[in-house]
Amino acid sequence: MLLKTFGWSFAVTAAGLALAGFLWGWQGLAIVAILSVLEISLSFDNAVINAGILRKMNPFWQRIFLTVGILIAVFGMRLVFPVLIVAITAKLGPIEAVKVAIQDPDRYEALVTSAHPAIAAFGGMFLLMIFLDFIFEDRDIKWLEWLEKPLARLGKLETLSTVVALVVLIVCATTLATAVPVHDGEGTIDKAATVLLSGIGGLVTYLIVGGISGFFEDKLEHEEEEAEEEAEKAAAKTGNAAVVGLAGKAAFSLFLYLEVIDASFSFDGVIGAFAITNDIFVMALGLGIGAMYIRSLTVFLVRKGTLDDYVYLEHGAHYAIGALAVILLITIKYEIPEVVTGAIGIVLIALSFMSSVMRNRREAGPGAKAEVSSGV
C-alpha cells in the first residue's frame, strides 16, 4: 500500500536529487532537498483538505488528480506562475520575463517580491473563504464545540462568510497596504487599490469555482445515492465492498476546485522559496518534489479512510487554512518566517489528530469492556 501510493514520489525524489547533483553539484542538491521539505511542511494541511474532496471522486478522477494535476502543480504553479507574475507586474513579455529569470535572478526575485501584496491578497481571500464556509456550517461532529456551535448558528445567514471576508479585505487594504516597502528601490508605495482588486479577484474565484462544484454535486446527489444502493446490492452478492465516487461534470468541477486550492496553498511556498534560492529551475524542482508527496499523501488518506477514522483531522486542517489565510494577509506589510507558517499548520493538525484518537478511545471504551466481559 505504502509503496504503491508513494512509489512515484520516491522515484521522482531520486531522479530529482540526482539531476540537481549533476547540474548544480552538492550545494544544488542540498537546496533542492531543503525546498522539498519546506513544501511538505507548509502544505500538509493541503493534503487533508484535498483528501476530503478527492474521496468524493471515482478512481478515474483520483488518477487524473495524480497525473494531470501534478503537472499543473509542478509546471504551472512552481515554474510558470512566478514567470507570469513577473511578466504582468513588470509589464514584460513572457519571453523577456524568462530571460530576466535566467540572466538576472536578483532582479527577478525583486519583481516577484514586489508583487507579493497582490499574491497574498488573492490567496489569502480564497483560503479565508474556505475556512469561513467551513466554520459557519452546522456539522454533526464538532471539534471545538464551545466555538463552533455559536458560529454555526450565525452561519444560518447565507451571505455571512462573504460579508466577513469583504470586511477583512477592506481592513487589510486600508491598514496593511498603505505603506508597502518597495523592494527594487527605496521608500514605500501605497498598494491599497492593488490589494483590494486582488482580494476581490480571490473572492470571486472562490465563489465561481465553489459554486460550480456545489451545483454539480447537488445535481448528481440523487444519482449518486442510487449508484450507492446498487453498489451495496452488488457488494452483498459478491461479498466485496464497493466504493462509488462522483464522475463526469461533477468530478471535473471538483478537480478544478482542487487545482485552485492547490494554487492558493502554493503561494506561500513559492514566495518563501526565494529566501533559499532565486533560481527558478532549482525552485521548481525542489517544490515540485514536495508537491508530489502532497499528492501521494492525499491519495493515501483517501484509500486508508483516515478522515473517517480520525474525524477531527478535517477540522484541524481548516483551522490551519484559516491561520494561513491570516498570515498571508499580514504578509502584505510584515514578513513572517515560513517556519512559523508551517509550524502552526502542523501543530493544529497534530492537536486535531490527538483529539480524534481520544474520541475513538472514549467511544470504543464501553464496547470494548462489554466485549471483554462477554468473552469471560
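FYI, it's all coordinate maths here, none of it is from the lab. Note that the structure is predicted; figures quoted are calculated from it, not measured. Every residue, glycine among them, receives a Cβ derived from its backbone with ideal geometry; neighbour counts consider all protein chains shown.
Checking the Cα-Cα distances for 56/142; 99/333; 156/304 against a 26 Å cut-off, the pairs over it are 99/333; 156/304. Taking the Cα centre of region 27-136 as origin, work out the dipole magnitude from +1 charges on Lys and Arg Cβ and -1 charges on Asp and Glu Cβ, in debye rounded to 20. Magnitude of the dipole: close to 340 debye. Put a dot 7 Å past the Cα of residue 10, heading toward its Cβ, do the same for residue 357, and the two dots end up 2.5 nm apart. Normalise the Debye intensity by I(0) for region 95-145, one equal point scatterer per Cα, no solvent, then take log10 at q = 0.21, 0.28 Å⁻¹ and round to two decimals. Log10 of I(q)/I(0), two decimals: -0.80, -0.97.
Take the Cα of residue 207, go 7 Å toward its beta carbon, and the backbone nitrogen atoms of region 116-142 under 17 Å from that spot belong to 122-134. Think of region 21-149 as having a plus end and a minus end, set by charges on the Cβ of Lys, Arg, Asp and Glu; of 119, 51, 68, 68 sits farthest toward the positive end of this dipole. If you plug the beta carbon distance of residue 60 and residue 174 into 1/(1 + (r/R0)^6) with R0 = 51 Å, you get a FRET efficiency near 0.60. Does region 1-102 come out rounded, prolate or oblate by the C-alpha gyration tensor, with a ≥ b ≥ c the root eigenvalues, rounded set by a/c under 1.5 and, if not, prolate when a/b is larger than b/c and oblate if not? Here region 1-102 falls in the oblate category.
Karplus-derived 3J(HN,Hα) values for region 120-130, using 6.51 cos²θ - 1.76 cosθ + 1.60 with θ = phi - 60°, are 5, 5, 4, x, x, 5, 4, 5, 4, 5, 4 Hz; glycine and proline are entered as x.
Around the amide H of residue 57, modelled in the peptide plane, lie the amide H atoms of 246, all under 5 Å away and 5 or more residues distant in sequence or on another chain. Between residue 95 and residue 193, what is the FRET efficiency for a Förster distance of 22 Å, r being their Cβ-Cβ separation, to the nearest 0.05? Efficiency at R0 = 22 Å is approximately 0.15. Each residue of region 295-307 was assigned a 3J(HN,Hα) from its phi angle through the Karplus curve 6.51 cos²θ - 1.76 cosθ + 1.60 (θ = phi - 60°); the sequence is 4, 5, 5, 4, 5, 4, 4, 5, 5, 7, x, 4, 5 Hz, with glycine and proline shown as x.
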